[in-house]
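The structure under discussion appears below in the form of structure tokens.
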Amino acid sequence: MPFPQIRMRRLRKSPAMRRLIHETTTSVDDFVYPLFVKAGENLKHPIKSMTGCFHFSPDTIAAEAAEVASLGIPGVILFGLPKAKDPKGSRAWAEDGVVQLAIREIKKQTPDLLVITDVCLCEYTDHGHCGLIKDGEIDNDTTCELLAKMALSHAQAGADIAAPSDMMDGRVKYIREALEANGFHNVAIMSYAAKYASAFYGPFRDAAESAPSADLDATLKDRKTYQMDPASSDQAMAEIALDIAEGADIVMVKPAVPYLDIICRASHRFDTPIAAYNVSGEYMMLNAAADAGLLNRQAAMAEMLTSIKRAGADIIITYFAKDAAKLITR
Ligand code: PBG
């Protein structure tokens, strides 16, 4: 039916009308807030590369987690900065490791807040790679064994969800088997299933001190032998299908905004909940533009999060979670 019977603007004429017909609702229920825990005591240091984010020590992180919970955000994801690094990343599965200590502190204070842990070696290895280096390559299967140990140690400390972000083949299977064998049937796995080798992780690598070391050989200067090529989409579907088959309970696409097409495709194709990681570069790009007076931070943030939801994400991991929760519940 042509104009003037149809006038699309009729449905946009007032705030109430727009509210009535809008298709996408972003709720605080969708958010996960990332937290950085660093070895030490009594720390709450602003992270230079990431405005509004801090390094906490295990003794100060529970108060922050309690604030997150009080805003109605269902979960946090923890990243650890250990007191020492070595070629294997052995502090990653230490019982008294930073993340393990932080989980215990958070669970003491806010037992109902979901604690998700990033499972990856890059913050723990002295070379900065997500896996072990053997004969000039990242050794897939040995890395999987270590990741399973790491995830298990998080579960033993009380974590609810293990989130492997390393992109080794088979890691979900190794982790599921380790959790089952030790009675952690209800600890879930949220795999970073389609994780791209992205330039948008820049601010995070500063924050987590996890960039690959500059003195490695050319093939080891970046993460391109394990993280995905930004030019592929079918491969993302294959990665997600494999992780689901290996036992992932939730699958993630990362980054979010430059990869909305992947989120959209995945949400149509799979019934498993889809998480999207609105990464550090997306966060800081928006902050920098707002600081430069180029756009309205609050409006741009709301639009960015809505677009991720509209693309089909069920869960959004975002450094905006606290700000957005305050806006939504205001
Ligand atoms: C660790 C990891 C990274 C991020 C999450 N987990 C960095 C990387 O893969 O280099 C990035 C998160 C962000 O940029 O916000 N493997």
With each label point set 7 Å from Cα along the Cα-Cβ vector, what nm distance links residue 83 and residue 231?
4.7 nm
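Rounded, prolate or oblate, given the Cα gyration tensor of region 198-330, with a/c below 1.5 counting as rounded? Spell out each step's value before the answer.
Details: a/c = 2.10, a/b = 1.13, b/c = 1.86.
Judged from the Cα gyration tensor, region 198-330 comes out oblate (a/c at least 1.5, b/c at or above a/b).
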Hey, any idea what the orientation-averaged projected area of the convex hull of region 27-328's Cα atoms comes to, in nm²?
14.5 nm²
Please determine, in degrees from 0 to 90 and to the nearest 10, the orientation of helix 260-269 with respect to the longest principal axis defined by the Cα atoms of the chain, where the helix direction is its Cα long axis.
90 degrees
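Going by how many other beta carbons lie within 10 Å of each one, how would you line up 13, 195, fewest first? Kindly include the intermediate steps, with their values, before the conclusion.
Working: 13 10, 195 27.
The order, fewest Cβ neighbours first, is 13, 195.
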Could you put 53, 264 in order, starting from the residue whose Cβ has the fewest other Cβ atoms within 10 Å?
264, 53
Could you work out the helix-only [θ] at 222 nm for the chain, with each DSSP H run of four or more residues adding -39,500 (n - 2.57) and the total divided by the number of residues, to the nearest 500 deg cm²/dmol?
-11500 deg cm²/dmol
Based on alpha-carbon centroids, what's the gap between region 263-306 and region 89-130 in Å, whole number please?
26 Å
Between 0 and 90°, nearest 10: helix 171-181 axis offset from the chain longest Cα axis:
70 degrees
Centroid-to-centroid separation of region 223-239 and region 246-262 [C-alpha atoms, Å]
11 Å
Beyond 26 Å between alpha-carbons counts as too far, so tell me which of 48/108; 83/149; 83/134; 173/322; 107/134; 107/195 fall in that bin.
48/108; 173/322; 107/134; 107/195
Just name one of 153, 121, 131: the one whose Cα is farthest towards the positive end of the charge dipole of region 120-160 (beta-carbon charges, Lys/Arg +1, Asp/Glu -1).
153
Using 7 Å Cα-to-Cβ label points, what is the residue 96/residue 181 separation (nm, one decimal)?
2.7 nm
Give me the angle, in degrees from 0 to 90, between the Cα long axis of helix 297-311 and the longest principal axis of the Cα atoms of the chain, rounded to the nearest 10.
80 degrees
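Readers should treat all values here as calculations from the given coordinates under stated rules, not as data from a laboratory. The structure presented is a predicted model; accordingly, all values stated were derived computationally and were not measured. Using ideal geometry, Cβ is built from the backbone for each residue, glycine included, and neighbour counts are taken over all protein chains shown.
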